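Novice: Attaching a single structure in structure tokens format; questions to follow.
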Amino acid sequence: MSIMSNHLTTVFLFIFLSPPLSLFSQQETNITPFDQELKNKSAKFNNEANFRKSRTFFFERNWDSTLVYSMKQLNDSENNTELIDYCHFLRGLSFQHKKLFKEAEKELSTVSSVFEFYPHTYMILGVIALEQRRFQKAIDYFKKTEAYTSEQLSGIKKSNIDHNLGVCYLHLEQYDQAETYLLESETLYEEQKDTLALIRAYGNIANLYYNQYKDDQAIPYFTKAYELSKKTDKPGLKVNTALNMAVVEENRKNFPLALTYRKEYEKWNDSLNDQNKVWEVAQIEKEFAVKEKQKEVHLANTEKKIKETQRNGLFYSAIVLLLLLGTTIYFYREKVKTNKIIVAQKENLDELNATKNKLFSIVSHDLRSSVQALKRSNKTLSENLEAKNLETLDTLLHTNSSIVNGAYNLLDNLLNWALLQTEQSYFEVTSLPLFLTVEHVAHNYKTLLLEKNIHFENTLSKSDKAYGDQESIKIVLRNLIDNAIKFGKTDGFIKVYIENTQDTYCNLIIEDNGIGMSESTRQNLLKKEIITVEKENKDIIGSGLGWQLCKSMIEKNNGKFSIESELGKGTKMIISLPKTI
């Protein structure tokens, strides 16, 4: 974008440097998103020889060959509307690149509205109108693209649409609309980090403000365009931005700095001219190379026949080697896979052994603690028996009963856990009457409930049923009710009830208002490993085996286990069992 001095005229250069900016990159040999989309969707017609050649030349930017083979395909295609649309579309783009705008518009106008790249025709026609300085017509085309989604306009960036609309309004001197679109395109280009497009946007915004004599707003944009152009390898951009800066400084009467920019402009202009000459020489060399290549082709065809026999022999030898290599790789992979399985099994076995050792260490410790407590209690009991201290005797007998009951439960859990691990336990899933099952288990705990004056309430109805093995569910209930009593408060309560909040499971809940547990304890109890957890009450003995047994039993019944609890606010133990049909 360059400006003329004295604010008389603004010359727009960047808009017309490359055909359509929304579909092709600055480097014509680059593969753009539009190219890739066009390749993918038109590949279904690769069996048509002329179209395949036309398509290949199009992506090589060989417009003349594209036009030749697309016309041959049109002469052969009579009924395939989609293939005809592709041919006209490629021809329209080729004519547009050759600056034959009338022919391009004619080809694009024949593309049917159902063609999958039909929305792209509006963008191309808009660029053609812009290059012909038919600005209002270009605006009409660009506006039509706004009605399509980004998926339908694959390969076209919204930033390019906004930029082209801004340029059109700028030429029409409709500055408010031009400012809106140009600033929006600037924002999008900055997000995309598109350096070349940003230089173009900065230059157009600068001219927008410069034409309105808003020099304070224009000059920073001229400066930004100039500074950014120095980071590119595009002499054309450097020429224009350096000239802009020279004119700006001349208008500001800063002639020494203007002279510096003029010299830089001349340096880059000379470089650009040299580059154009190099390009012309390269074109001549390319044509000469094509002729030489044609001579080499004939010689290559003769050599090809000689080499085919050798190639066939090498090919079959390679197949044999590949088969041997494939067989070797297969057996090697099988060996590696077997080794991995063995290592995994060893690690699992080591983990199970560690768990077993830890379990027996915990159980032996708890049993030893129970026996030691019982010995101490019995000694005290003997002493008080001689003294006939009846109140103390009564307390000691209750203490002994609790110790024996805890040791018994520990041994019972250990036995059931061992049977479960060795798969020796009998297991039969039936429709289980939950009310009677809870009543049978609770009956054995009446004495303990009376001792702590805990009110037990079974609110299940006799119609409440679920699928499960009765004996294993009883073991689970025994452990959970025993824990509810153990950790419950004197004069507290224990409730057992059902919640039907799911379609496939019924929730059997054992709730107490005991000491509860912390969040870390609750999470540790739900882990699969057999571990002891830190107890909220240090005076209560427990190995954690009961919890593990409960979880294993519930899992074997195809159920789920969860806990809701807060420290000091009680606990809900939730057993989710499959519903009966």
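The values are calculated or read from the model by the stated rules, or taken from the named source; none is laboratory data. Remember, it's a predicted structure, so these values are computed and weren't measured experimentally. Glycine also receives a Cβ, built like all others from the backbone with ideal geometry; neighbour counts cover every protein chain displayed.
Novice: Return only the number of the condition from (1) assigned to a loop (DSSP other than H, G, I, E, B); (2) of a type in the set (S, T, Y); (3) modelled with pLDDT of 90 or more that S576 does not satisfy.
Specialist: Here S576 clears every test but (1).
Novice: Further, regarding this structure: Please return the ranges of helices (runs of 4 or more DSSP H) entirely within the stretch 123-237 where 3 or more residues are touching a residue at least 12 places away in the same chain (Cβ under 8 Å) and touching a strand residue (DSSP E or B) at 6+ places or on another chain (Cβ under 8 Å). Steps first, answer last, please.
Specialist: Values: elements: 135-145, 158-171, 175-192, 195-211, 215-229.
Where helices (runs of 4 or more DSSP H) fall fully within the stretch 123-237 and carry at least 3 residues being touching a residue at least 12 places away in the same chain (Cβ under 8 Å) and touching a strand residue (DSSP E or B) at 6+ places or on another chain (Cβ under 8 Å), they are 195-211.
Novice: Exactly one of these conditions fails for N46: (1) surrounded by fewer than 17 Cβ atoms within 10 Å (Cβ to Cβ); (2) modelled with pLDDT under 85; (3) touching a Lys or Arg at 6+ places or on another chain (Cβ under 6 Å). Give me its number.
Specialist: Of everything listed in (1) surrounded by fewer than 17 Cβ atoms within 10 Å (Cβ to Cβ); (2) modelled with pLDDT under 85; (3) touching a Lys or Arg at 6+ places or on another chain (Cβ under 6 Å), N46 misses just condition (2).
Novice: If a residue has to be polar (S, T, N, Q) and more than 17 Å from K106 (Cα to Cα) to count, how many in the stretch 82-95 make the cut? Explain how you work it out, then say what you get.
Specialist: To start, the set of residues in the stretch 82-95 that are polar (S, T, N, Q) comprises 94.
Remaining after also requiring more than 17 Å from K106 (Cα to Cα): none.
Going through the stretch 82-95 one residue at a time, the tally reaches 0.
Novice: Starting from residues that are surrounded by fewer than 17 Cβ atoms within 10 Å (Cβ to Cβ) and among the acidic types (D, E), keep the ones in the stretch 511-529 and report whichever is modelled with the highest pLDDT.
Specialist: E519
Novice: Follow-up. Go through the stretch 64-90 residue by residue and tally those that are crowded, with 20+ Cβ neighbours inside 10 Å and either without any contact (Cβ under 8 Å) to a residue 12 or more places away in the chain or aromatic (F, W, Y) (or both).
Specialist: Residues flagged as crowded, with 20+ Cβ neighbours inside 10 Å and either without any contact (Cβ under 8 Å) to a residue 12 or more places away in the chain or aromatic (F, W, Y) (or both) within the stretch 64-90 amount to 3.
Novice: Turning to a different aspect of this structure: Which residue pairs have Cβ atoms under 6 Å apart, sit 6 or more places apart or on different chains, and have a first residue in the stretch 474-493 that is within 16 Å of S565 (Cα to Cα) and a second that is of a type outside the set (F, W, Y) and part of a helix (DSSP H, G or I)?
Specialist: These pairs meet every condition: I485/L448.
Novice: Being in contact with a Leu (Cβ under 9 Å, 6 or more places away or on another chain), at pLDDT 90 or above and aromatic (F, W, Y) narrows it down to one of F456, F493, so name that one. Break it down into steps so the answer makes sense when it comes.
Specialist: Values: F493 fails: in contact with a Leu (Cβ under 9 Å, 6 or more places away or on another chain).
Going through F456, F493 in turn, just one is in contact with a Leu (Cβ under 9 Å, 6 or more places away or on another chain), at pLDDT 90 or above and aromatic (F, W, Y): F456.
Novice: In this structure, is E173 surrounded by fewer than 23 Cβ atoms within 10 Å (Cβ to Cβ) and either in contact with a Pro (Cβ under 9 Å, 6 or more places away or on another chain) or farther than 23 Å from T232 by Cα (or both)? Step through it out loud before you land on a result.
Specialist: Values: surrounded by fewer than 23 Cβ atoms within 10 Å (Cβ to Cβ): yes; either in contact with a Pro (Cβ under 9 Å, 6 or more places away or on another chain) or farther than 23 Å from T232 by Cα (or both): yes.
Yes.
Novice: For the stretch 17-38, give me each residue that is part of a helix (DSSP H, G or I) and either exposed (fewer than 15 other Cβ atoms within 10 Å of the Cβ) or at pLDDT below 80 (or both).
Specialist: P33, Q36
Novice: Residues being under 17 Å from N211 (Cα atoms) and either aromatic (F, W, Y) or within 51 Å of the chain's Cα centre (by Cα) (or both): count how many of those fall in the stretch 248-266. Show your work before the answer.
Specialist: As a first pass, look at the stretch 248-266 and keep what is under 17 Å from N211 (Cα atoms): 248-252.
Within this subset, residues satisfying the condition of being either aromatic (F, W, Y) or within 51 Å of the chain's Cα centre (by Cα) (or both) are 248.
Going through the stretch 248-266 one residue at a time, the tally reaches 1.
Novice: Any residue in the stretch 19-47 that's within 23 Å of L83 (Cβ to Cβ) and basic (K, R): show its pairings with residues that are assigned to a loop (DSSP other than H, G, I, E, B) and modelled with pLDDT of 85 or more at Cβ separation under 7 Å, as long as the two are six or more apart or on different chains.
Specialist: Correct list of pairs: K41/E116.
Novice: Yes or no: T532 part of a helix (DSSP H, G or I), surrounded by 13 or more Cβ atoms within 10 Å (Cβ to Cβ), modelled with pLDDT under 90 and within 43 Å of the chain's Cα centre (by Cα)?
Specialist: Values: part of a helix (DSSP H, G or I): no; surrounded by 13 or more Cβ atoms within 10 Å (Cβ to Cβ): yes; modelled with pLDDT under 90: yes; within 43 Å of the chain's Cα centre (by Cα): yes.
The answer is no for T532.
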